[in-house]
1. Restricting attention to the range 70-80, which residues are within 16 Å of ASP53 (Cα to Cα) and of a type in the set (D, E, K, R)?
2. Could you check the range 52-86 and list, in sequence order, the residues that are basic (Lys, Arg) and closer than 20 Å to ARG123 by Cα?
Amino acid sequence: MFGLETVESILLVLLLLVIGIGINRWIGRRKVVRIYIGLDHITPVDVQVRAHDLIEAGKFRGAVELIRKESQVSRRTAVEAAQVLRDGGILPGFPVFDDGDLSTRVRKLIKAGNRKEAVFLVRSTEDMSQSEAEAFVDSLSREPNA
């Protein structure tokens, strides 16, 4: 074959086979869709409440450290999260699937004396404004079974 000896021909065929398999696998990998979901700004509601309390007390750095430690994010991400809280915003919390509906969870928080956490939970779950969330929490707290 092409003036090559038998051993050289076998080695050439093996080389071409290895190259062909490599190209085939490379093409196959390129068809796979890779999705990256950044979890940087997901912060549990109770951490948001404690961080907000620190911010209200004038302890912005303490809030950053709390978010950084509890949410296990970088300092830069923790500063961004604290700035959102300082500006009156909220961050997405971890979804909870086994605690019943929102009203039940809010009632539990009210009963435990955690009204602020209930407001944060409503705001992060239902995308409500501060006043709408407070009105919702207040309406549930006025119910006789709350």
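All of the numbers you see were taken from the coordinates with simple rules; none came from a lab. Only a predicted model underlies this, so the values are computations on that prediction, with no experimental measurement involved.
1. The one that is within 16 Å of ASP53 (Cα to Cα) and of a type in the set (D, E, K, R): GLU70.
2. ARG86, the sole residue that qualifies.
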